[in-house]
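Here's the structure, in structure tokens; my notes come after.
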Amino acid sequence: SSNEHKLNFKKSKEACLSYIQDALLQKQWNRAAEFLTCYVESLEKDYSREHIGPSEIIWRIGTEILWHHSQSSMKEFNCFMEQMKTLGVKRYLKVCLEHVFHLLCNGQIDEAYQNLSLAESWRFGEQTAIQDKEMKLIQAYRGLLDYYSWSKQKKILLEHGEDGFSDLAVEQEMHGYFRKAAVNLKEIIKIPGVWDIFVKCYVDLLEFYGDHNEARQVLNEYAYNSKFPANPNAHVYLCQFLKRHRESKKSLISALKILHDIVPSHELMIDFNTMLQKSKKRKKRQLGLEVIFAALDYAGWKENAKAWSCLARQVKQIVISEKHLDWIKQEWSSRKDWWPAFHFSRYLAKRNWQENKNLSYEKALVAGILLGKGCKYFKYVSHQGCKAQLKRFRMLKKFVNRHSSVYLRVSG
Amino acid sequence: RDFNERCAQCSEVNWGLTDGGRFYCRSCHNVTERTREVVNTDFITNSRVQTISKGSRKQEKNDGGSEWYICEGFQLVLKKQVEALEALGVCPQMKDEILCNFWRCYLQKSKQAYCKRPAGEAVKALSVCESSTDVDSDPERPSLLHLLSLSESEGDVQTDCSFASSMSKVSESTSVYSGSVDGSLYLMKNQKEKLRMTMPMTLSFCYMALLWVREPITLSELLRYVVEGHIPYLNVFQHFPEKMKLCGLDLKIFCVESWPVYEEVFNKMHELAAFLDLPRFPDITESCFLHPDMLCMKYLMEANLPDELHNWTCRVVKKIGIGEADFLTLVPGNKSTRKVKYDVLAVAVIVVVLKLLFLLDDHYEWLLSEVAEERNKNNTEGGPYFEFKKWYEVVKHSLDVEQKKLDEERAKYLWRCEKPLFYSVKNKSKVLKRRQMVVNLQNQFGKLSGSVQRVEKPNPSSFQLSWSEENTDGSCFHGHSLKGILQEKRGLLTAMNPDYWLCTVKLCNEKLCGHLAHYKEVEFPQSYHFVLGLFSFLLRVQPSYIHDEVCMIEHKLFNKKLYKKLKYNTVLRK
């Protein structure tokens with residue numbers, strides 16, 4: 001019907017909005033501001049049925065423009081944010097929080113702290129209860145800033161300590177910050193969520209004051225409580241903690257195992273493999289092999305000499321002992337189709353040899369065992385190594401020749 | 001004053017008016033019950049158009065406003081509009097004689113004034129903005145939502161719902177708010193027989209008056225002037241006097257949030273003409289601007305097409321008889337004649353002529369262009385031969401530029417004005433606060449817009465695209481000759497193109513589905529779509545609207561052949 005083509009307020013503002021979006025994407029801040037000027041009268045219409053209303057749109061777009069526009073000052077930015085806070089009471093705390101983030105990005109820590117405190121004291125009938133989550137976040141960030149102050153004081157104290165001076169006032173202040181920070185940080189990490197930075201800071205505080213039990217409990221909760229979203233960092237933090245405090249190998253291994261399941265390419269996998277190789281239990285050693293193979297599936301590890309040396313060591317050890325070749329077979333069966341091209345091409349042989357002889361050595365060992373002495377990689381590297389009269393390459397050649405039939409057995 | 005009765009007390013005829021609008025005898029100060037009926041002919045702003053009624057009228061209300069009726073508001077709107085038209089150069093009789101009389105006639109016919117109010121239709125004294133009365137158990141009072149849903153929404157549903165919900169919060173009773181006396185009544189009654197006044201209809205009034213006087217302004221031009229701001233429409237209520245307080249349901253009536261479409265204004269105008277029982281309009285003859293021959297000339301120029309095409313358009317016009325006064329002149333109420341859209345008709349004729357000469361099947365026109373190009377090489381005569389390809393490139397480029405500008409302008413329309421609108425006193429402060437914030441934000445971001453300033457309203461111009469013969473780059477095609485694409489046959493120049501394709505073999509029944517044909521871009525050649533698009537831009541109507549008209553002309557033109565050969569394929573030989 002002809003009414004569909006009528007240009008009305010709503011369509012006009014939709015068009016305006018798409019012009020703004022285009023301008024933002026192309027970083028044309030002047031143009032975006034020009035169209036936003038025309039858009040703002042949407043505030044005078046009621047959009048209570050829409051999912052996102054003009055006040056939210058104006059807040060978000062206005063923030064972007066003011067943040068990036070060359071002629072906009074921090075003062076103007078702050079003034080705008082204050083206006084936005086009055087615009088929608090349902091969004092008040094969110095706006096406060098984002099304002100705080102911007103202040104922090106701009107290095108205005110004190111202003112950020114003030115805003116957080118102000119926001120914390122805000123009350124507005126039933127809205128206070130509805131915006132409970134945002135309030136917790138605000139308190140958490142204030143706790144974070146308290147932590148920041150605490151660590152500054154701690155630094156001062158340690159420096160003074162070196163000089164032999166002890167400053168009671170500083171110490172007292174420091175403890176004060178600790179208390180304030182701890183209270184808020186503890187609260188937020190109770191709620192299921194991703195709170196990496198809060199957890200780290202809180203654990204740091206606990207460790208400093210010697211409360212290892214609480215710290216371990218916090219980290220365990222964070223990593224193992226199923227209500228929390230899956231988060232590899234949680235496990236990493238736990239592992240790092242366990243290592244720091246030389247906790248039992250058993251708990252460390254189980255934590256690392258979970259990390260391996262979630263993020264096989266994590267950098268802790270090298271340590272994990274090293275630990276597992278040393279284990280007396282067969283299953284653990286097999287797991288070690290699994291772990292190192294899995295890590296090397298990822299492109300980021302291709303040139304990691306340490307990782308290759310772990311694999312090489314384990315492969316060598318298995319081959320010499322002539323036990324558990326089936327482990328290698330199992331790992332290799334799903335990789336034999338693509339690892340040769342991925343790791344052991346002639347091109348890579350040349351490059352590895354040029355750039356990193358250690359790397360090429362370790363890889364050549366693995367290649368020679370898995371693919372036989374005829375494989376391109378091994379042939380090239382061992383040839384080059386012998387040519388250069390490097391002893392270990394000669395040894396390598398001998399070793400692979402001696403075990404030249406292994407590859408047949410592992411290829412299946 | 002026509003009140004010539006003798007005073008009951010002193011038998012003198014010496015009347016004055018009280019503040020309450022009643023006649024009193026100046027000799028003996030006897031106040032009558034008769035109230036003044038407007039009989040003066042000039043449009044005074046606060047002329048109270050009112051029937052002879054017994055009720056008195058409060059002059060002053062608490063907020064400094066006074067009672068006013070909806071039709072008074074519209075009267076003001078019309079006055080403003082016709083004054084703007086006068087400023088554009090329209091003859092002054094339009095205001096004082098034509099439009100004024102039309103309006104009065106309308107008021108009479110719709111029984112809003114100049115007549116006895118039908119019995120039993122006393123205007124209820126409706127509550128005004130500030131009071132939420134305690135009339136709760138009146139079952140005859142319509143609920144607010146009912147009122148809002150009855151009226152065709154000019155505004156959008158969201159505002160209505162928020163209004164309704166905010167209203168229901170205010171009071172359980174369904175008292176209805178409006179600044180005017182009869183706002184709610186206006187929306188409530190079934191106005192189908194009485195043709196209720198709306199904002200778009202004011203433009204119908206204007207157009208009707210323009211047509212009567214045969215002013216050289218087409219409807220598409222009129223609507224374009226409205227959008228460009230030369231004719232008050234969008235926030236015209238700003239000019240209402242202070243005493244006429246606008247709130248509540250008045251907003252639904254006077255605040256527009258969309259630009260009116262050609263079709264809407266056009267159809268309403270015809271409805272109106274019939275409703276007013278107007279006689280046959282003054283004849284549209286060959287010397288009139290609105291005659292297809294004249295309008296074709298205008299649009300040919302604007303489309304940068306050769307003047308020589310005018311011969312062809314005149315031929316088509318003559319052949320199908322659309323140049324006759326009987327065809328062109330409006331006879332209100334005559335349902336058998338097709339209502340003429342002068343501007344659309346003219347451009348449709350041009351489209352048909354282009355199809356006749358160039359076929360426009362995405363193939364032939366380019367071949368022909370190459371032929372013309374070849375001929376141009378050996379051309380020793382004065383002017384160059386017209387080449388379709390060159391014309392296309394030049395016009396497309398300009399059209400794209402203008403279209404882009406127009407699209408951006410549309411996105412930048414400012415709909416609100418300084419005068420705040422609020423539904424009730426309750427949300428007045430909120431509205432004012434919002435307005436203040438909007439102004440602040442506009443200032444803040446306006447400064448960051450850089451050197452881009454809001455361009456002043458361009459002067460109203462009849463032509464949107466202009467091409468100058470003085471340009472040496474050859475971008476003006478007016479003087480180009482068609483000889484490059486014509487051939488001599490029996491001493492006459494005829495088109496080289498022997499074929500023609502009909503837009504549609506069978507016309508739809510307009511009364512059933514509202515259209516003669518249904519245009520879908522993908523089903524037609526790109527060149528045809530381009531040409532439609534060009535005129536669609538100039539007239540600010542949808543391409544399908546022009547397409548309908550093209551179909552109609554084609555069917556008139558090939559009537560005989562169609563009748564004979566309807567069974568066969570659609571490609572006909574001329």
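Taken together, the values in this text are just the output of simple stated rules run on the coordinates, not laboratory data. Treat the numbers as computed from the prediction; the structure is a model and nothing was measured. Counting neighbours? That spans all protein chains shown, and the Cβs are built from the backbone with ideal geometry, glycine included.
General observations
- Under 19 Å of direct C-alpha separation, and excluding same-chain neighbours fewer than eight residues apart, A:Lys284 reaches these lysines: A:Lys243, A:Lys249, A:Lys250, A:Lys257, A:Lys316, A:Lys323, A:Lys329.
- Mean sequence separation of contacting Cα pairs (under 8 Å, at least six apart), scaled by the length of chain A, corresponds to a relative contact order of 6 percent.
- Chain A gives an Rg/Rh value of 1.13, both radii derived from C-alpha positions and Rh following Kirkwood.
- Solution diffusion estimate, µm²/s, Stokes-Einstein, segment B:262-371, Kirkwood Rh from C-alpha pairs, 20 °C, viscosity 1.002 mPa s: 139 µm²/s
- Selection from A:Trp338, A:Leu408, A:Ala294 lying farthest towards where the dipole of segment A:293-411 points positive, charges on Cβ: A:Leu408
- Segment A:350-389: relative contact order in percent, alpha carbon pairs under 8 Å with at least 6 residues between: 34 percent
- For chain A, a simple Cβ point-charge model (Lys and Arg +1, Asp and Glu -1, everything else neutral) yields a dipole of about 4020 debye relative to the Cα centre.
- Reach of B:Lys483 by Cα under 21 Å, taken over lysines that are not fewer than 8 positions away in the same chain: B:Lys355, B:Lys377, B:Lys389, B:Lys390, B:Lys574
- Per-residue HN-Hα couplings for segment B:416-425 [Karplus 6.51, -1.76, 1.60; θ = phi - 60°; Hz; x = Gly/Pro]: 8, 9, 5, 5, x, 10, 9, 6, 8, 4
- Among A:Ala349, A:Ala388, A:Ala312: highest mean-square fluctuation, GNM of chain A, C-alpha pairs under 10 Å: A:Ala388
- Between B:Ser481 and B:Tyr385, B:Phe386, the built amide H atoms are under 5 Å apart, and every one of these is 5 or more places off in sequence or on another chain.
- 3J(HN,Hα) couplings calculated from phi for segment B:237-247 with the Karplus curve 6.51 cos²θ - 1.76 cosθ + 1.60 (θ = phi - 60°) are, in sequence order, 5, 4, 8, 5, x, 3, 5, 8, 7, 10, 7 Hz; Gly and Pro show x.
- When only the Cβ of Lys, Arg, Asp and Glu is charged (+1, +1, -1, -1), the dipole of segment B:507-554 relative to its Cα centre reaches about 140 debye.
- Global dimensions of segment A:293-411 from alpha-carbon coordinates: Rg and Dmax equal 13.0, 36 Å.
- Rounded to the nearest 0.05, the FRET efficiency derived from the C-beta distance between A:Arg335 and A:Tyr224 at R0 = 51 Å is 0.95.
- Per residue, the Cα convex hull of segment A:77-151 amounts to 73 Å³.
- Legend: mean number of C-beta atoms from other chains within 10 angstrom of residue C-beta atoms, peptide B:241-249, equals 0.
- Choice from A:Glu82, A:Glu362, A:Glu50 with maximal GNM fluctuation in chain A (Cα, 10 Å cutoff): A:Glu50
- Phi-derived couplings, Karplus 6.51 cos²θ - 1.76 cosθ + 1.60 at θ = phi - 60°, listed residue by residue for segment B:373-380: 4, 4, 4, 5, 5, 9, 7, 9 Hz, with x used for Gly and Pro.
- Normalised by 2.2 N^0.38 Å, where N counts its residues, the alpha-carbon radius of gyration of segment B:279-331 equals 1.20.
- Length-normalised contact order of segment A:293-411 in % [C-alpha pairs under 8 Å, at least 6 apart]: 28 percent
- Distance between the modelled labels on A:Ile156 and B:Lys405, one decimal in nanometres: 6.5 nm (7 Å Cα→Cβ projection).
- Compactness of segment A:80-239, expressed as Rg and Dmax over alpha-carbon positions, Å: 17.5, 55
- Measuring between their Cα centroids, segment B:359-408 and segment B:223-277 lie 41 Å from each other.
- Using a Gaussian network model of chain A in which every pair of alpha carbons under 10 angstrom is joined by a spring, one finds that among A:Leu158, A:Leu242, A:Leu296 the greatest mean-square fluctuation is at A:Leu158.
- Flagged links, alpha-carbon separation over 30 Å, of B:Lys243/B:Lys412; A:Lys227/A:Lys280; B:Lys318/B:Lys404; B:Lys109/B:Lys341; B:Lys79/B:Lys268: B:Lys243/B:Lys412; A:Lys227/A:Lys280; B:Lys318/B:Lys404
- Computed over neighbours whose Cβ is under 12 Å from that of A:Val170, the net charge equals -1, Lys and Arg +1, Asp and Glu -1.
- Remark: segment B:487-549 is approximated by an ellipsoid whose semi-axes, taken from the C-alpha gyration tensor as √(5λ), come to 28, 16, 11 Å, largest first.
- Label point distance in nm, A:Met395-A:His245, each placed 7 Å from Cα along Cα→Cβ: 4.2 nm
- With K and R counted +1 and D and E -1, the other residues having a Cβ less than 13 Å from that of B:Glu374 yield a net charge of +1.
- Calculated FRET efficiency for the pair A:Phe101/B:Glu469, C-beta based, R₀ 56 Å, to 0.05: 0.35
- Over chain A, dividing the summed -39,500 (n - 2.57) contributions of all DSSP H runs of at least 4 residues by the number of residues returns a 222 nm mean residue ellipticity of -23500 deg cm²/dmol.
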